[in-house]
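K.L.:
Quick one: the structure is below, and I'll ask about it shortly.
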């Protein structure tokens with residue numbers, strides 16, 4: 001039945017659903033690590049991180065809403081399909097979705113390692129395999145019923161998750177046993193840019209492409225089919241999700257900052273989080289942490305698997321959506337068992353290559369009405385972003401071929417050339433408009 005509005009309860013549930021979908025694995029492990037390493041430069045590093053981890057995903061949701069999910073319609077069909085396929089594979093079975101299960105396992109394993117050691121004579125690899133079987137098995141079952149996403153995630157799981165996160169956040173801001181330490185490593189210089197780049201690891205700009213379509217599908221199922229109403233509700237959901245993410249990130253950054261003087265330096269965010277909770281709350285607090293992280297990772301996994309299955313079903317083959325859910329879940333399980341550190345290492349050059357393209361695509365979508373020839377603007381700007389993004393990806397591997405010297409140090413050589421091209425094309429459009437008048 002067609003309708004133009006949904007209830008207030010459904011609207012809030014939609015926002016909670018968006019928040020839960022975005023709050024996944026990387027959202028827990030990277031902020032504490034950056035907070036610990038950035039020390040007194042924490043505000044700068046956090047500001048850069050919030051731009052790519054909250055601001056840009058919110059803008060990406062606006063772009064999805066503006067085009068009803070068809071962000072690549074001005075590109076050649078084959079190019080647009082290839083770009084979206086690459087994004088869905090990266091954010092789905094190749095990197096992001098498997099990482100949800102791995103982070104949930106690492107937090108659980110580190111929290112209860114003494115118990116595991118005492119009662120189970122299993123290797124860490126064996127326990128990881130068993131955990132990921134259970135985790136992705138449950139994610140697959142929830143993904144098979146997408147029509148219930150708002151009810152199961154937005155109205156049940158997310159409120160519980162918020163309560164658990166609030167307990168953690170309150171402890172961080174009330175705990176006065178330590179102060180923020182000194183900046184170390186790369187955060188002694190360019191903390192803002194390094195925080196900006198670490199925001200890539202959330203993959204939330206890429207996730208916004210998928211989650212935006214997922215929210216639109218939910219609205220359609222509830223009878224909201226008018227483009228204007230879909231846009232309005234998607235914007236509301238995005239604002240609710242962004243507000244929640246900002247609060248969580250601030251708490252986790254500060255947690256990492258004060259943790260530097262509470263424990264040894266480490267390059268593992270899950271270790272920082274686990275050790276902090278153990279020191280402040282004792283072993284009992286670890287139960288809260290495990291439940292919160294598992295819920296967050298599970299809801300994100302469900303969203304990613306559901307969105308990927310729908311995309312693959314609609315764009316690639318006549319295989320049913322249910323079968324694609326099973327195939328995607330199986331791929332997630334296989335990739336997850338390579339280990340978290342290896343997965344993060346492999347993902348770095350991929351993200352540095354694809355993220356500039358995604359960011360430029362978002363701004364092109366929002367500014368497309370300002371171009372005389374949008375197709376030309378898309379082709380030129382995206383090609384340039386991909387070229388420089390590829391150079392940045394190579395630089396992550398130690399191959400220094402970036403041509404923008406100052407930004408080369410922080411792997412952002414794509415930024416100036418891409419936006420100069422966009423501004424030149426917009427300026428050209430403006431001059432034509434003036435002359436035609």
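We did not get these values from a lab; they are worked out from the coordinates using the rules stated. These numbers come from a predicted model, not from an experiment. We place every Cβ from the backbone using ideal geometry, glycine too, and count neighbours over all the protein chains shown.
K.L.:
At 222 nm, what value in deg cm²/dmol follows for the chain if DSSP H runs of at least 4 each add -39500 (n - 2.57) and the sum is divided by all its residues, to the nearest 500?
P.N.:
-24500 deg cm²/dmol
K.L.:
Two decimals is fine: what is log10 I(q)/I(0) at q = 0.22, 0.28 Å⁻¹ for region 22-97, from a Debye sum with one equal scatterer on every Cα and no solvent?
P.N.:
-1.08, -1.25
K.L.:
Between the helical axis of 25-38 and the dominant principal axis of the chain, each derived from Cα atoms, what acute angle in degrees is found, rounded to the nearest 10?
P.N.:
Around 80 degrees separate the two axes.
K.L.:
Let me ask you something else. When 274, 11 are ordered from fewest to most other Cβ atoms inside 10 Å of their Cβ, what list results?
P.N.:
Neighbour counts put them in this order, fewest first: 11, 274.
K.L.:
So what's the angle, to the nearest 10 degrees on a 0 to 90 scale, between helix 158-174 and the longest Cα principal axis of the chain?
P.N.:
70 degrees
K.L.:
Averaging sequence separations of C-alpha pairs under 8 Å and six or more residues apart, then dividing by the length of the chain, give the relative contact order as a whole percent.
P.N.:
32 percent.
K.L.:
Which order results if 240, 420, 34 are arranged by neighbouring Cβ count within 10 Å, fewest first?
P.N.:
Neighbour counts put them in this order, fewest first: 420, 240, 34.
K.L.:
Now, a different point. In square nanometres, what is one fourth of the surface area of the convex hull spanned by the alpha carbons of region 185-257?
P.N.:
Approximately 6.1 nm², given one-decimal rounding.
K.L.:
If you don't mind, another one. Give the label of the value calculated from the structure for Rg/Rh (Cα atoms, Kirkwood Rh), choosing from (i) 0.94; (ii) 0.97; (iii) 1.04.
P.N.:
(ii)
K.L.:
Follow-up. Mind telling me which of 201, 337, 268 comes out most flexible in a GNM of the chain, alpha-carbon contacts under 10 Å?
P.N.:
Its mean-square fluctuation being the largest, the pick is 268.
K.L.:
Starting from the Cα gyration tensor of region 257-359, multiply each eigenvalue by 5, take the square root, and state the resulting semi-axes largest first in whole Å.
P.N.:
34, 19, 12
K.L.:
Ok, one more. Most mobile of 78, 242, 143 per a Gaussian network model of the chain (Cα springs, under 10 Å)?
P.N.:
78
K.L.:
Here is a further query. Hey, in the GNM for the chain with a 10 angstrom Cα cutoff, which one of 357, 421, 180 fluctuates hardest?
P.N.:
The residue that fluctuates most here is 421.
K.L.:
What is the order of 122, 414, 324, fewest Cβ neighbours within 10 Å to most?
P.N.:
122, 324, 414
K.L.:
I've got another one for you. For helix 77-89, what angle does its Cα long axis make with the longest principal axis of the chain, in degrees from 0 to 90 and rounded to 10?
P.N.:
Roughly 10 degrees between the two axes.
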